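Peer 1: Before we start, here is the structure in question, set down as structure tokens.
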Amino acid sequence: MKNTAFNITSIRNDFPILNLKVNGKQLVYLDNAATTQTPKVVIDSIVSYYSKLNANIHRGAHYLSQKATEAYEDARKKFQKHLNAQSSNEIIFTSGTTHSINLVANGFINLLNSGDEIIVSHLEHHSNIVPWQMLCKKTGAIMRVIPMNEKGELIFSEYEKLLSNKTKVVFVNHVSNALGTINPIKEIISKAHEFGAAVLIDGAQALPHFKIDVIDLDVDFYVGSAHKIYGPTGVGILYGKEKWLNKIPPYQGGGEMIDEVTFEKTTYAKLPNKFEAGTPNIAGVIASAVALDYINKIGLEKIEKREAELLDYATKKLLEIDEIKIYGDSSNKTSVISFNIGSIHPYDIGSIIDNEGIAVRTGHHCAQPIMDYFNISGTIRISMSFYNTIEEIDSLINSIMVAKKMLS
Ligand SMILES: *Cc1c(COP(=O)(O)O)cnc(C)c1O
């Protein structure tokens with residue numbers, strides 16, 4: 001494969017961890033859907049923050065506090081611009097996708113009545129199922145599920161049948177973390193809006209791969225995690241339309257989210273502070289914006305193209321292995337491949353290739369309903385990033401062949 005799109009050697013040098021030896025072998029990191037690796041500029045920004053900028057934000061009027069506040073708010077503006085949100089008030093920093101979803105689900109407690117309906121898809125991560133189940137328990141709302149087909153795609157006509165005037169919220173992932181399927185979210189959103197329902201899109205697996213435009217999508221809430229877009233752990237993004245963020249109550253009470261507090265009552269701060277109680281992950285948020293700059297400098301179109309090439313190559317090579325079954329073969333998917341070989345337990349292959357320095361994920365990938373659909377307990381999942389190479393995929397294939405021989 002020609003790497004005319006960008007210089008892979010120089011890109012790999014941006015990521016110190018990619019040079020690591022694991023079990024005496026060169027690391028081959030193919031678990032990018034679990035977390036992406038961090039470029040040196042992002043690591044440096046964390047060191048620089050604690051060396052030169054550390055102070056609590058918003059509160060103190062002293063020099064460092066002002067500087068830290070500026071950097072934190074600049075990060076918010078970068079995410080606003082990246083997502084094409086109308087106002088930086090619509091960007092809330094959380095601790096991750098999970099936190100963002102819980103914040104929104106919790107916000108609907110007072111907006112739902114017993115018998116109201118909410119719609120989830122069969123392709124969700126547990127993070128986008130469990131908080132809503134908890135909401136149903138508290139409110140008496142009923143959860144409906146958009147079914148999937150053998151290709152790992154949602155069945156749109158069934159979704160249309162589930163929608164009614166009782167539907168209040170629809171929550172679907174943009175991309176399935178277990179199969180890589182890209183869902184037709186624009187159509188899902190516009191259908192839901194015909195019935196006045198709000199839509200939350202879990203974008204954890206989409207943000208690393210392509211450009212998101214919240215205005216074009218007309219989405220009500222869009223969430224993701226910085227650690228899956230080459231940033232640090234412990235930072236999440238929540239985009240919400242201002243009208244919705246004003247409608248839902250704060251998730252946590254504490255410092256920074258108030259306007260006025262007495263023992264009788266508290267009035268809440270305006271957006272975005274209303275949802276950012278306590279001291280946030282200041283260093284992490286600033287570093288997340290550096291990560292965003294990093295991928296934008298490479299260009300998401302180039303990233304998408306490179307990852308599509310890796311996906312094609314890896315799929316072709318894997319399909320040459322006897323008895324392999326790939327789960328999820330939508331023509332519209334990201335660089336994720338979930339598979340099993342014969343009746344070999346995925347964990348057994350995973351641990352043998354781990355000895356060769358190859359990092360993949362085995363198990364149910366926090367998406368048990370998908371595993372149930374295929375009647376399996378788990379899969380081996382490889383998830384590729386633009387920094388992966390053809391040589392790494394060849395190493396993977398060789399190691400799988402060795403493992404297969406040992407196990408069958
Ligand atoms: C990783 C992931 C989550 C959870 O993200 P956290 O960073 O662990 O909170 C939710 N949904 C999808 C689709 C994911 O891939």
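The values are calculated or read from the model by the stated rules, or taken from the named source; none is laboratory data. Keep in mind the model is a prediction, meaning the values are calculated, not measured. Reconstructed Cβ throughout: ideal geometry from the backbone, glycine too, with neighbour counts over all protein chains shown. The area values use the complete protein model at the heavy-atom level, side chains included, leaving out ligands, DNA and RNA. Shrake-Rupley method; radii C 1.70, N 1.55, O 1.52, S 1.80 Å.
Peer 1: Among the residues of the stretch 19-38, write down those that are open to solvent by 20 Å² or more (accessible area, probe 1.4 Å) and β-branched (Val, Ile, Thr). Break it down stepwise before answering.
Peer 2: From the stretch 19-38, those open to solvent by 20 Å² or more (accessible area, probe 1.4 Å) are 19-26, 29, 31, 34-35, 37-38; that's our starting set.
Val22, Thr35, Thr38 - these are the residues of the stretch 19-38 that are open to solvent by 20 Å² or more (accessible area, probe 1.4 Å) and β-branched (Val, Ile, Thr).
Peer 1: Here's something else I'd like to know. Among the residues of the stretch 227-264, write down those that are among the aliphatic types (A, V, I, L, M) and touching a strand residue (DSSP E or B) at 6+ places or on another chain (Cβ under 7 Å). Before you say what the answer is, go through the steps one by one.
Peer 2: Pass one, the stretch 227-264, residues among the aliphatic types (A, V, I, L, M): 229, 235, 237-238, 245, 248, 257-258, 261.
Val235, Ile237, Leu238, Met257, Ile258 - these are the residues of the stretch 227-264 that are among the aliphatic types (A, V, I, L, M) and touching a strand residue (DSSP E or B) at 6+ places or on another chain (Cβ under 7 Å).
Peer 1: Give the residues of the stretch 91-140 that are in contact with a strand residue (DSSP E or B) (Cβ under 6 Å, 6 or more places away or on another chain) and at positive phi, sorted by residue number.
Peer 2: Passing the criteria: only Gly96.
Conditions tested, residue by residue: (1) open to solvent by 40 Å² or more (accessible area, probe 1.4 Å); (2) touching a Lys or Arg at 6+ places or on another chain (Cβ under 8 Å); (3) within 19 Å of Val290 (Cα to Cα).
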residue	(1), (2), (3)
Lys40	yes, no, yes
Val47	yes, no, yes
Asn54	yes, no, yes
Ala61	yes, no, no
Glu70	yes, no, yes
Glu73	yes, no, yes
Arg76	no, no, yes
Ala85	no, no, yes
Ser88	no, yes, yes
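Peer 1: Next question. Every residue in the stretch 67-96 that is within 16 Å of the ligand (Cβ to nearest atom) and not hydroxyl-bearing (Ser, Thr, Tyr), please.
Peer 2: Phe79, Ile92, Phe93, Gly96
Peer 1: Name every residue in the stretch 341-372 that is closer than 21 Å to Gln205 by Cα and among the hydroxyl-bearing types (Ser, Thr, Tyr), in order of residue number.
Peer 2: Hit for the stretch 341-372 is Thr362, nothing else.
Peer 1: Would you be able to tell me the number of residues in the stretch 90-109 that are β-branched (Val, Ile, Thr) and either within 15 Å of the chain's Cα centre (by Cα) or open to solvent by 40 Å² or more (accessible area, probe 1.4 Å) (or both)? Even if it seems obvious, please write down each step before you answer.
Peer 2: Taking the stretch 90-109 and keeping what is β-branched (Val, Ile, Thr), we get 91-92, 94, 97-98, 101, 104, 109.
Filter once more, keeping what is either within 15 Å of the chain's Cα centre (by Cα) or open to solvent by 40 Å² or more (accessible area, probe 1.4 Å) (or both): 94, 97-98, 101, 109.
Count: 5.
Peer 1: When the stretch 20-38 is examined, which residues are found to be out of contact with any helix residue (DSSP H, G or I) (no Cβ under 7 Å at 6 or more places or on another chain) and closer than 20 Å to Tyr294 by Cβ?
Peer 2: Listed by number, the residues that qualify are Leu20, Asp31, Asn32, Ala33, Ala34, Thr38.
Peer 1: Would you pick out the residues in the stretch 195-218 that are away from the ligand (no atom under 16 Å from the Cβ) and not aromatic (Phe, Trp, Tyr)? Spell out how you get there, then give the answer.
Peer 2: First pass over the stretch 195-218, keeping only residues away from the ligand (no atom under 16 Å from the Cβ): 195-198, 211, 213-218.
Hits for the stretch 195-218 are Gly196, Ala197, Ala198, Lys211, Asp213, Val214, Ile215, Asp216, Leu217, Asp218.
Peer 1: Which residues, counting only those in the stretch 97-117, are farther than 18 Å from Lys274 by Cβ and more than 9 Å from the ligand (Cβ to nearest atom)?
Peer 2: Here is the first cut: in the stretch 97-117, the ones farther than 18 Å from Lys274 by Cβ are 97-98, 112-117.
Selection gives Leu112, Asn113, Ser114, Gly115, Asp116, Glu117.
Peer 1: With touching a residue at least 12 places away in the same chain (Cβ under 8 Å) and among the hydroxyl-bearing types (Ser, Thr, Tyr) as the only criterion, which of Ser157, Ser164 stands out?
Peer 2: Working: Ser157 fails: touching a residue at least 12 places away in the same chain (Cβ under 8 Å).
The match here is Ser164.
Per-residue answers, yes or no, for (1) surrounded by fewer than 24 Cβ atoms within 10 Å (Cβ to Cβ); (2) more than 30 Å from Lys305 (Cβ to Cβ); (3) free of Cβ contacts under 8 Å to residues at least 60 places away in the same chain:
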{"site": "Phe195", "(1), (2), (3)": "yes, yes, yes"}
{"site": "Val199", "(1), (2), (3)": "yes, no, yes"}
{"site": "Phe210", "(1), (2), (3)": "yes, no, no"}
{"site": "Asp218", "(1), (2), (3)": "yes, no, yes"}
{"site": "Tyr222", "(1), (2), (3)": "no, no, no"}
{"site": "Ile229", "(1), (2), (3)": "yes, no, no"}
{"site": "Pro232", "(1), (2), (3)": "yes, no, no"}
{"site": "Val235", "(1), (2), (3)": "no, no, no"}
{"site": "Lys241", "(1), (2), (3)": "yes, yes, no"}
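Residues are listed down the side, and each one gets a yes or a no for (1) outside the structural domain of Gly240 (by TED's automatic domain parsing); (2) touching a Lys or Arg at 6+ places or on another chain (Cβ under 8 Å); (3) more than 14 Å from the ligand (Cβ to nearest atom):
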residue: Gly180; (1), (2), (3): no, yes, no
residue: Lys186; (1), (2), (3): no, no, yes
residue: His193; (1), (2), (3): no, no, yes
residue: Asp220; (1), (2), (3): no, yes, yes
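Peer 1: Which one is farthest from the ligand (Cβ to nearest atom) among residues in the stretch 166-176 that are within 25 Å of Ser338 (Cα to Cα) and of a type in the set (S, T, N, Q)?
Peer 2: Step one: list which residues in the stretch 166-176 are within 25 Å of Ser338 (Cα to Cα), which gives 171-176.
Going one step further and asking which of them are of a type in the set (S, T, N, Q), we end up with 173, 176.
On the way: Asn173: 5, Ser176: 7 Å.
Ranking the qualifying residues of the stretch 166-176, first place goes to Ser176.
Peer 1: Can you find, within the stretch 118-165, the residue that is surrounded by the most Cβ atoms within 10 Å (Cβ to Cβ) among those that are within 16 Å of the ligand (Cβ to nearest atom) and among the polar types (S, T, N, Q)?
Peer 2: Only one residue tops the list, namely Asn128.
Peer 1: For the stretch 248-289, enumerate the residues that are of a type in the set (A, V, I, L, M, F, W, C), crowded, with 16+ Cβ neighbours inside 10 Å and free of Cβ contacts under 8 Å to residues at least 40 places away in the same chain.
Peer 2: Taking the stretch 248-289 and keeping what is of a type in the set (A, V, I, L, M, F, W, C), we get 248, 257-258, 261, 263, 269, 271, 275, 277, 282-283, 285-287, 289.
Of the ones still in play, those that are also crowded, with 16+ Cβ neighbours inside 10 Å are 248, 257-258, 269, 271, 275, 277, 282-283, 285-287, 289.
Answer for the stretch 248-289, where residues must be of a type in the set (A, V, I, L, M, F, W, C), crowded, with 16+ Cβ neighbours inside 10 Å and free of Cβ contacts under 8 Å to residues at least 40 places away in the same chain: Met257, Ile258, Ala269, Ala277.
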